[in-house]
Amino acid sequence: MTQMELEEKRKKMVYSLLFVVIGQVGFITLVVLFALVWGGVWLDNYFGTKPAITFVLSLAGIPLSVFLMFVASRRALARFTEQFEAEKKKNSA
């Protein structure tokens with residue numbers, strides 16, 4: 001494979017990585033916030049503390065969501081790096 005073909009393949013891998021990470025981040029954010037809001041509403045109804053628990057859990061969901069996004073992004077980047085190095089090794093051999 002020529003250098004141009006390698007660069008083109010690398011660009012395609014980067015774009016696919018971006019789509020995967022964006023999808024994972026969006027899904028993680030939605031799931032975490034939905035679960036915490038739903039749990040907060042349920043707990044508020046159970047304890048009779050109308051918006052308090054929902055508000056606290058919603059605020060707690062923001063750093064949790066950011067942390068989970070960071071973990072998902074690092075894992076996706078590690079997979080991308082492994083794939084790129086394997087492809088590079090395969091093409092150089």
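The values are calculated or read from the model by the stated rules, or taken from the named source; none is laboratory data. All values reported here derive from a predicted model rather than from experimental measurement. Every residue, glycine as well, gets a Cβ built from its backbone with ideal geometry; the counts of neighbours run over all protein chains shown.
General remarks:
- Residue within region 48-56 that is within 19 Å of the chain's Cα centre (by Cα), modelled with pLDDT of 90 or more and of a type in the set (Val, Ile, Thr) present: no
- Any hit, region 38-47, residues being surrounded by 14 or more Cβ atoms within 10 Å (Cβ to Cβ), charged (D, E, K, R) and at pLDDT 95 or above: yes
Let's see how each residue does on (1) free of Cβ contacts under 8 Å to residues at least 24 places away in the same chain; (2) polar (S, T, N, Q); (3) under 22 Å from residue 79 (Cβ atoms); (4) touching a strand residue (DSSP E or B) at 6+ places or on another chain (Cβ under 6 Å):
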| site | (1), (2), (3), (4) |
| --- | --- |
| 4 | yes, no, no, no |
| 11 | yes, no, yes, no |
| 14 | no, no, yes, no |
| 21 | no, no, yes, no |
| 27 | yes, no, yes, no |
| 31 | yes, no, yes, no |
| 34 | yes, no, no, no |
| 37 | no, no, no, no |
| 42 | yes, no, no, no |
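- Matching option when the condition is under 30 Å from residue 5 (Cβ atoms) and among the polar types (S, T, N, Q), among 49, 54, 81: 81
- Here residue 84 clears all of (1) modelled with pLDDT under 90; (2) surrounded by fewer than 13 Cβ atoms within 10 Å (Cβ to Cβ) except the condition numbered (2).
- Looking only at region 48-75, and only at residues there that are in contact with a Leu (Cβ under 9 Å, 6 or more places away or on another chain), of a type outside the set (Val, Ile, Thr) and under 14 Å from residue 28 (Cα atoms), the one that is surrounded by the fewest Cβ atoms within 10 Å (Cβ to Cβ): 64
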